[in-house]
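Structure record follows, encoded as C-alpha cells.
The values are calculated or read from the model by the stated rules, or taken from the named source; none is laboratory data. These figures come from a predicted structure and were not determined experimentally. When we count neighbours, we look across all protein chains shown, and the Cβ atoms used for this are built from the backbone with ideal geometry, even at glycine. Side chains included, ligands, DNA and RNA excluded: accessible areas come from the protein's heavy atoms. Shrake-Rupley method; radii C 1.70, N 1.55, O 1.52, S 1.80 Å.
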Amino acid sequence: MVQCCNTDCYGSWFHIACLDPPLQHMPPGDWYCSEACQSSSGYIYCSCKKHTAEDMMVRCELGESCHRAEWYHPKCCQVDYDNLTGTWYCCEQCKNDVGAEDHILAHNLTLLWKGLVMLSNRDAIREGDGDAIVSQWRLDMLEFWRCKHVKYTIIGHMLLASINGVVPERLQHELTWERVASLSGGPGMNLGLDLINEFLNNDFKDMMKRSRGQYTDARIQRCSKMGGAFGKEVDRILGAARFGLKESQTLGTTSKNSIYDRDIRTFVSEYHNDKLFHYIPHRQHKGFPNHKHDVHIKKPTKFGKHIRALSGKIDFWRDVTNVTSQKASSM
C-alpha cells in the first residue's frame, strides 16, 4: 500500500492497484493521491506537519514506534544533519523505550496469526481444495511440534508420508481429495469428514440412549428416525452457525454479507481507539502477562531428526510388507 503525504487526506492509505490509473511501482519520494492533497499545506512528517523546501530529513531511531512523527526536518528539531553520527532519538521518551516490549501488541499479533491460519483452513475445506488442505497439514506439523503434541505430529507425518508415495496412487488421491462432504449442497458448503463423522457418532449415541439397551432391528429402526430428526436439527443449527446467525434465525432472513458488514462495524466502533496494532511499550494484558508472539520453530534440528526417524520406521515396515507379499505370492 502507499500513503498519501497529506496529513488531512480522507483516504490516507491506498492499494496501488486500486488507484486510477494504478501505480506500476512504489513511488521513491513523497506521493499524493490528488492535486488537492498536493496543494494542501498539511504534511504527515515532522512535528511541524508542513512541507518545506528541505530535501533531507532525519529519522528517530525508534522508527515507526516513534511517539511523535518518526521523520523530521533537521531545522525543526535543531539537528546538524551534516555532522550527525550514530543513533538519534527525537525525545527522551523514545530513547527510554528502546527494547521495551508491548505485550498487548504481541497478543494481538498472535490472535491475528491464528485467525488467518484458521480462515485459510476453513476456506480450503469449504472449497474442497485438497492441495490447500495438505499444505495446511504441513503448516500444522510445525504447530504440533511447537506445542509438544507428539500424537498429532505422528498422525500428521503418517498422512503426509502416505500422500507423498507410501501408499498406492489411488489411496494418495483419496487422502488428498476425498476429505470433505456437503450436507446441504451448493458451492462453498463443504465440511470436513471428521466433523461429519462426529455428528454421526453423536446421532448414534443419542439413538442408543433412546433404545435403552434394546438393540433389536425394529427398535433401532424406530430410534433411527428420532436420531435422523435430531441430525436434521444439528444440520440446521450448523448451517446457521456457518452464516453467523442465532438459532432462532433462519438462513433466508439475513444475508451473509450484511452480517459480516455489521460485525466489522461493531468491531471497529468498539476497538478503533485501542490502538490494537500500534507499538506502545510497557503495555500488558492482565490475563496474558508477558505474552510474546513467536512463530519460529523450536529446536528445528531435533524436529528434523524426529521426522527422519518416523520416516525410517515407515520405510522399514513398508519393506517388510513388500517382502511378505512377495513370499506369499510365490508360494
TODO: Please enumerate the residues belonging to region 1-49 that are of a type in the set (Ser, Thr, Tyr) and part of a loop (DSSP other than H, G, I, E, B).
DONE: 7, 10, 12, 32, 34, 40, 41, 43, 45, 47
Task: Output for region 287-315, where each listed residue is farther than 25 Å from residue 115 by Cβ and among the acidic types (Asp, Glu) - done: 315
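Would you check if residue 162 is surrounded by fewer than 16 Cβ atoms within 10 Å (Cβ to Cβ), of a type in the set (Ser, Thr, Tyr) and touching a helix residue (DSSP H, G or I) at 6+ places or on another chain (Cβ under 8 Å)?
Here the answer is no, as residue 162 does not meet what is asked.
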Task: Search result, residues across region 141-158 that are surrounded by fewer than 18 Cβ atoms within 10 Å (Cβ to Cβ) and part of a helix (DSSP H, G or I) - done: 142, 143, 146, 150, 151, 152, 154, 155, 158
TODO: Kindly establish whether residue 120 is touching a helix residue (DSSP H, G or I) at 6+ places or on another chain (Cβ under 7 Å), closer than 20 Å to residue 160 by Cα and polar (S, T, N, Q).
DONE: yes
Open item on the list: Taking the condition of being loosely packed, with under 12 Cβ neighbours inside 10 Å and either closer than 30 Å to residue 296 by Cα or basic (Lys, Arg) (or both), how many residues in region 67-95 meet it?
Closed with: 1
TODO: Determine, yes or no, whether residue 15 is within 22 Å of residue 276 (Cβ to Cβ), open to solvent by 60 Å² or more (accessible area, probe 1.4 Å) and within 37 Å of the chain's Cα centre (by Cα).
DONE: yes
Open item on the list: Take the residues in region 1-38 that are among the charged types (D, E, K, R) and under 23 Å from residue 69 (Cα atoms); name whichever of them is modelled with the highest pLDDT.
Closed with: 30
